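Here is the structure we will look at, set down as structure tokens.
The values are calculated or read from the model by the stated rules, or taken from the named source; none is laboratory data. If you're wondering where the values come from, they're calculated on a predicted model, not measured in any experiment. Cβ placement follows ideal geometry from the backbone for every residue including glycine, while neighbour counts extend to all protein chains displayed. Just so you know, the surface numbers come from the protein's heavy atoms only, side chains and all, with ligands and any DNA or RNA stripped out. Shrake-Rupley method; radii C 1.70, N 1.55, O 1.52, S 1.80 Å.
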Amino acid sequence: MLQSKTFVKKTKAGRVQKVVREHYLRDDIPCGAASCSACAAVEHPLAADAAAILVVDTNVVLHQIDLLENPAIEDVVLLSVVLDEVKNKNLSVFNRIKALCSNKARRFFVFTNEHHRDTYIKEMVGESPNDRNDRAIRVATRWYQSHLGDNIKVLLITNDRDNKRKAIEEGINAETVESYVRSLAQPGLLDLVAVSTSGDVTMEDAEDLRPSKRKVIYSEHKPMSEITSGLRCGIYHQGKLRVNRYNPFEAYVGSESIGDEIVIHGRSNMNRAFDGDIVAVELLPQDQWHESKSFIVDDDEDYAEEDVHLAPNSADDAPRNTNHTQSTVASSAAAVVSSHPVGRVVGIIKRNWNSYCGSLEPMPMPAGSGGIAHALFVSKDRRIPKIRIQTRQLGNLLDKRIIVAVDLWDVLSRYPSGHYVRTIGDIGDKDTETEVVLIENDINTRPFSTQVLACLPPLPWTLSPEDLANRNRQDLRHVRVFSVDPPGCRDIDDALHCTPLPNGNFEVGVHIADVTNFVHPGTPLDEEATQRGTSVYLVGQRIDMLPKPLTEDVCSLRADVERLAFSVVWEMTPHADIISTRYTKSVIKSCAAMSYVEAQARMDDSRLVDPLTVDLRNLNSLAKIMRHRRCERGALTLASAEVKFEIDSETHDPLDIGIYQIREANQMIEEFMLAANISVAEKILKHFPLCSLLRRHPSPTKEMLEPLLRTTSSVGLNLDVSSSKALAESLDNAKNDDPYFNKLIRILATRCMTQAVYFCSGDLTFSEYYHYGLAASLYTHFTSPIRRYADVIVHRLLAAALDIAKLPPLFQDGPQLTGIADNLNYRHRNAQMASRASVELHTLIYFRTRPTDTEARIVKIKANGFIVFVPKFGIEGPIYLTPKGDKGVDWVVDEVHQRVTKPGTSVSYAVLQTVMIHMEVVEPQPHRPKLQLTLI
Amino acid sequence: MRQLKGEIGVVAKADGSALFEMGNTRVIAAVYGPREVQNKGQQVNSKEALVRCEYRMAEFSTGDRRRKPKGDRRSTEISLVIRQTMEASILTHLMPRSQIDIFVQVLQADGGTRSACINAATLALADAGIPMRDIVTSCSAGYLCSTPLLDLNYIEDSAGGPDVTVGILAKMDKVTLLQMDAKLPMDTFENVMELAIEGCKAIANYIREVLLENTKRLECQRG
């Protein structure tokens, strides 16, 4: 049966267009119930013995997605009309519900009611699309009931009063979310029910509506139509709101229409916007533009002033202007007019509400309030305001890390309202905190599914005769190949060899684990790896991108076993000039898996003259030349303070902490990996100019380098930042009698750099491919396919370039490849953040029992203190010069010289100065331990 | 495959005409000829008939009203494609020193106009009683989300996948037209091509039915 679907659509250009589409109706769409014999379907997700089959409406999906994700809710039918509406309204919820539907373990079923002959309905004259969809849901529910007969109850779950009434009139079983969850008799579940918006049926509505008691705290958001017209005529400015990480009462909106950042002070001006929201901003009159002094706001101060203990409904006190910056500025007479425009949020165009990790603010147990308690949730991410939640299990949650989702924020309440999602574990527990880090960075730690594990080769894996017989695979088992890695490394993905040739040249080979021989495109294993993007290294823990048998055994180029590899083999002159490059798949047998320390010791021990050591020395001398040449070209040698922990093997607590030492051996390996990556980048780009995956490093902009220049000029050092070569040279020249000075400058320089990113070569022009840090016109990642998915892609490209394998169809789809590159960038950034957070966490644990006095360097001056960097431990933190509560006005900041002085005394602190500090873990609030640095 | 509809004799003035619908795509074709060559200069070979073809899209055929200038690149190309496809089946050597004009106009466009035009032209040529080797039919096929699709509509066509248009002489199993504007691996291409040919054959069956019915009607009229 053919129907035509007509709707009116607005195009991107703003024109209104009428679209006519064919709409086919069928009679063979299965209902998905196991008890149904009439429908011929392959799958029956809905259980035969289900107590009730639930049909949910759009708003239930949109608002109660956390509830739906709970395993207690099963046998749910999602109608296609609901899915379409959800997709239009909120893409992230749509993705979550889609994941639920495709999850085989859950009994969720998508019923395409719009294409079923009996459930398709035509819009009636004068009926709004919303009413039509509600009717479609009811019709489908009724169809289900009559289709399945009376032995199974079909229940429509809706929070819409009108819809529910109509459903009951039509003889459909209908219930609200709350009453249904109540009927399940699982008290924990009720916490998951989101606070319902007004207009819906709620139980709490009646008691909550005490208008006399409630005050308006925030101004109303402007209606969307006004915002759009305001944006068009330039009164309002659109942009993404970013909250200052160090001061949650200050936010920036990057506006394209102004070309500058608009600063927003205080919660009331932020007007309920969250970090990451797309907002419309109105500029304040120019006389209200104050220069905001850069303060470090400590979270304790925030709490000290806070005296809100929560009895129900008491969270909405008068607006508390804890606008730190404003009050200070007002008191200091010298209010300078700011260079940045200042504004306030008038409307939110797109919300960026997520679920957040954190804990409940400690509060006494309320006596006998019927089990329901209101509590304030404090997110770990300081940019997020506190969130008000209702819970029936307060006692259980107080000392736990929990996840909370935001539901709404109306003008009457100071804090947004949310609901509890789940508990992670005890606060302060190392595993819990590590999990928090992982969740915050969106890292998938779930074990690999059976489908993924089914893609693994049969274990134990050994080299098969077919692999040897393969003409594309060269047998290099006779070559003396070895690997050098950090100690304890189990996933060895690179190995080297270096053989002197009779003509005096060297044959140097880089052998990379042949992961693509085991991970085939399009398999579940490949999809999982695409999603994960990278392995994540935390302190004492590794979250793999590929299943363990692959990473630690089959692919790992361990010593004395035959392994498959992808090799790049150069012929090099003793002056490290590359004469020829050869790429081949190979079979190797590594003769030694050394650690950096071991390799270094071998090279340094002049008594050793065995072939392996000679190879190492040859490689090292070649690497030195290559490194020198690279620096000549302008490659930057940057520094970072990477920290190494010594972990107790039983308690897994850190025993010792120190800076990771970089040896010549590290640099040697790095040099050959860089060379291999560059060679491979050239090769794949030559064959696939439009669909190669490369890595680029954009040059830093002037603004990014400015803090560095200000710091260095204050100590009388002039850096030339015109090019990477100039910067490299002036960094080399940045020396004084202080041995750590150079390193410190390099660390500061590293922070000004942009992030290197993956991209698809078809998306950019050749000049944009440049890698600033390495001073290479082309770069990619080839050498770590076990732990980075980008390398897997590059392996496939290289294999296709050599005609060994066919190019997977993915590469013909530019947008998809770009999507993958974007995902890889996102995952890499998150992995980095996670490992940094993990280091921070372990530092905290380490210093908990060991208060220490140590030397620190000042890296940034603020009005009420400065930020110090502790070279020995790689820690950075604030030091306050003024005690809390006392708004520091007795210190004067000299911006030009980056110096803070106490007037009338000779006490002053300048940037890069060395100070002695005391480090200790304090717990100003229970369960919120933090590392406190004080000056001594 | 979308719903097909064919109607013969919609333009009384023309020697042969037909309306052809594939789903929401609707085209009209009119055939004039064989008649005397109007412009002698165009005649290349005096032993064969000259086939001319003009493809146009009506201004109202798509959602947004854009002016469709006559002779833009796209319509010129499609005109040429249709002419070549039809020429292959018309027995031109039977009609020396004459010309056949085929006009196709797209009334409503929803993907696959090329195929619909060829099918309409076949019907119109048959209506005009022009001798042909076989019925030419055409159908497009594509490949989206790793499934081969038959007879793409506009949304499917604009999704970015490959679009293979195939024209065949149905009974003789000969390909007269093959166009593709994307890259496709050889083995998937073969699948897609096979699907398109199947579609062509289904259309040929339908066209034959329409023609048969039309002949019966004519028979009845004659008594």
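Could you tell me which numbered condition A:LEU453 fails, if it satisfies all but one of (1) in contact with a helix residue (DSSP H, G or I) (Cβ under 7 Å, 6 or more places away or on another chain); (2) surrounded by fewer than 20 Cβ atoms within 10 Å (Cβ to Cβ)?
Of the numbered conditions (1) in contact with a helix residue (DSSP H, G or I) (Cβ under 7 Å, 6 or more places away or on another chain); (2) surrounded by fewer than 20 Cβ atoms within 10 Å (Cβ to Cβ), the odd one out for A:LEU453 is (1).
Identify all residues within region B:1-38 that are more than 14 Å from chain A (Cβ to nearest Cβ), touching a helix residue (DSSP H, G or I) at 6+ places or on another chain (Cβ under 7 Å), in a strand (DSSP E or B) and over 19 Å from B:TYR55 (Cβ atoms); write none if there are none.
Selection gives B:ILE8 alone.
Any residue that is within 22 Å of A:SER35 (Cβ to Cβ) and surrounded by 15 or more Cβ atoms within 10 Å (Cβ to Cβ) - is there at least one of those in region A:120-133?
Within region A:120-133 (the criterion being within 22 Å of A:SER35 (Cβ to Cβ) and surrounded by 15 or more Cβ atoms within 10 Å (Cβ to Cβ)), the answer is no, since none of the residues qualifies.
Pick from region A:421-460 the residues that are in a helix (DSSP H, G or I) and of a type in the set (Ser, Thr, Tyr): which of them is nearest to A:LYS548 (Cα to Cα)?
The selected residue is A:THR450.
Among B:GLY160, B:GLY167, B:GLY223, which is modelled with pLDDT under 95 and over 27 Å from A:PRO809 (Cβ atoms)?
Of the residues listed, the single one that is modelled with pLDDT under 95 and over 27 Å from A:PRO809 (Cβ atoms) is B:GLY223.
Residue-wise test of (1) modelled with pLDDT of 85 or more; (2) open to solvent by less than 50 Å² (accessible area, probe 1.4 Å); (3) touching a strand residue (DSSP E or B) at 6+ places or on another chain (Cβ under 7 Å).
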site: A:TYR583; (1), (2), (3): yes, yes, yes
site: A:SER590; (1), (2), (3): yes, yes, yes
site: A:TYR596; (1), (2), (3): yes, yes, yes
site: A:ASP605; (1), (2), (3): no, yes, no
site: A:VAL609; (1), (2), (3): no, no, no
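Could you identify the single residue in A:SER692, A:SER723 that is open to solvent by 30 Å² or more (accessible area, probe 1.4 Å), hydroxyl-bearing (Ser, Thr, Tyr) and not assigned by TED's automatic domain parsing to the domain that holds A:ILE625?
A:SER723
Please return the ranges of strands (runs of 3 or more DSSP E) entirely within region A:824-883 where 2 or more residues are open to solvent by less than 30 Å² (accessible area, probe 1.4 Å), over 20 Å from A:PRO929 (Cα atoms) and modelled with pLDDT under 85.
Here the list reads A:852-862, A:865-870.
Right, A:GLU466: out of contact with any Leu (no Cβ under 9 Å at 6 or more places or on another chain) and assigned by TED's automatic domain parsing to the domain that holds A:MET668 or not?
Yes, satisfied.
Hey, can you tell me all the residues within region B:146-166 that are within 12 Å of another protein chain (Cβ to nearest Cβ) and more than 20 Å from A:HIS23 (Cβ to Cβ)?
Result: B:SER146, B:GLY160, B:GLY161, B:PRO162.
Taking the stated definitions as given, is A:THR754 in contact with a Pro (Cβ under 8 Å, 6 or more places away or on another chain) and assigned to a loop (DSSP other than H, G, I, E, B)? Quick ask: steps written out before the conclusion?
Numbers: in contact with a Pro (Cβ under 8 Å, 6 or more places away or on another chain): yes; assigned to a loop (DSSP other than H, G, I, E, B): yes.
It is true that A:THR754 is in contact with a Pro (Cβ under 8 Å, 6 or more places away or on another chain) and assigned to a loop (DSSP other than H, G, I, E, B).
With the requirement that a residue be farther than 24 Å from A:HIS63 by Cβ and either in a loop (DSSP other than H, G, I, E, B) or touching a helix residue (DSSP H, G or I) at 6+ places or on another chain (Cβ under 6 Å) (or both), what does region A:128-164 give you?
A:GLY149, A:ASP150, A:ASN151, A:ILE152
Residue under question is A:LEU717, and the condition is that it be surrounded by 13 or more Cβ atoms within 10 Å (Cβ to Cβ) and out of contact with any strand residue (DSSP E or B) (no Cβ under 7 Å at 6 or more places or on another chain); does it hold?
Yes: the conditions hold for A:LEU717.
Determine whether A:ASP191 is within 40 Å of the chain's Cα centre (by Cα), of a type in the set (Asp, Glu), buried (at least 22 other Cβ atoms within 10 Å of the Cβ) and not assigned by TED's automatic domain parsing to the domain that holds A:ARG388.
Yes; evaluated as a whole, the condition is true for this residue.
Only one of these conditions is not met by B:LEU178: (1) under 26 Å from B:THR62 (Cα atoms); (2) within 14 Å of chain A (Cβ to nearest Cβ); (3) open to solvent by 40 Å² or more (accessible area, probe 1.4 Å). Which number is it?
(2)
Residue-wise test of (1) modelled with pLDDT of 80 or more; (2) farther than 22 Å from A:GLU682 by Cα.
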position: A:LYS735; (1), (2): no, yes
position: A:ASP763; (1), (2): yes, no
position: A:PHE766; (1), (2): yes, no
position: A:PRO785; (1), (2): yes, no
position: A:ILE793; (1), (2): yes, no
position: A:ALA801; (1), (2): yes, no
position: A:GLY814; (1), (2): no, no
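Of these, A:GLY358, A:GLY395, A:GLY418, which one is in the same structural domain as A:ARG272 (by TED's automatic domain parsing), part of a helix (DSSP H, G or I) and either in contact (Cβ under 8 Å) with a residue 12 or more places away in the chain or touching a Ser or Thr at 6+ places or on another chain (Cβ under 7 Å) (or both)?
Among A:GLY358, A:GLY395, A:GLY418, only A:GLY395 is in the same structural domain as A:ARG272 (by TED's automatic domain parsing), part of a helix (DSSP H, G or I) and either in contact (Cβ under 8 Å) with a residue 12 or more places away in the chain or touching a Ser or Thr at 6+ places or on another chain (Cβ under 7 Å) (or both).
I'd like the full set of residues that are within 21 Å of B:ALA58 (Cβ to Cβ), in a strand (DSSP E or B) and open to solvent by 10 Å² or more (accessible area, probe 1.4 Å), limited to region B:101-139.
B:PHE103, B:GLN105, B:LEU107, B:GLN108
Check A:LEU810, A:LEU802, A:LEU841 and return the single one that is aliphatic (A, V, I, L, M) and within 14 Å of chain B (Cβ to nearest Cβ).
That would be A:LEU810, the only listed residue that is aliphatic (A, V, I, L, M) and within 14 Å of chain B (Cβ to nearest Cβ).
Residues are listed down the side, and each one gets a yes or a no for (1) crowded, with 22+ Cβ neighbours inside 10 Å; (2) in a loop (DSSP other than H, G, I, E, B); (3) touching a residue at least 60 places away in the same chain (Cβ under 8 Å); (4) of a type outside the set (S, T, N, Q):
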site	(1), (2), (3), (4)
A:PRO487	no, yes, yes, yes
A:GLU507	no, no, yes, yes
A:HIS520	no, yes, yes, yes
A:MET545	yes, yes, yes, yes
A:GLU552	no, no, yes, yes
A:LEU564	yes, no, yes, yes
A:GLU571	no, no, yes, yes
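If a residue has to be within 18 Å of B:GLN84 (Cβ to Cβ) and touching a residue at least 60 places away in the same chain (Cβ under 8 Å) to count, how many in region B:113-148 make the cut?
16
Pull up region A:750-804, narrow it to residues that are within 12 Å of A:ASN677 (Cβ to Cβ) and among the charged types (D, E, K, R), then point me to the one that is most open to solvent (accessible area, probe 1.4 Å).
A:ARG788
Quickly run through region B:140-149 and pick out the residues that are within 15 Å of B:GLY160 (Cβ to Cβ) and either open to solvent by 40 Å² or more (accessible area, probe 1.4 Å) or among the acidic types (Asp, Glu) (or both).
If the condition is that a residue be within 15 Å of B:GLY160 (Cβ to Cβ) and either open to solvent by 40 Å² or more (accessible area, probe 1.4 Å) or among the acidic types (Asp, Glu) (or both), then B:TYR143, B:CYS145, B:SER146, B:THR147, B:LEU149 are the ones that fit.
Just a yes or no: is a residue in region B:189-197 within 14 Å of chain A (Cβ to nearest Cβ) and within 20 Å of B:VAL81 (Cα to Cα)? Step through it out loud before you land on a result.
First, pick out the residues of region B:189-197 that are within 14 Å of chain A (Cβ to nearest Cβ): B:189, B:191-192.
Of the ones still in play, those that are also within 20 Å of B:VAL81 (Cα to Cα) are none.
Within region B:189-197 (the criterion being within 14 Å of chain A (Cβ to nearest Cβ) and within 20 Å of B:VAL81 (Cα to Cα)), the answer is no, since none of the residues qualifies.
So which residues in region A:696-714 are outside any helix (DSSP H, G or I) and open to solvent by less than 60 Å² (accessible area, probe 1.4 Å)? Steps first, answer last, please.
Quick first cut of region A:696-714, residues outside any helix (DSSP H, G or I) only: A:696-701.
Listed by number, the residues that qualify are A:ARG696, A:HIS697, A:PRO698, A:PRO700.
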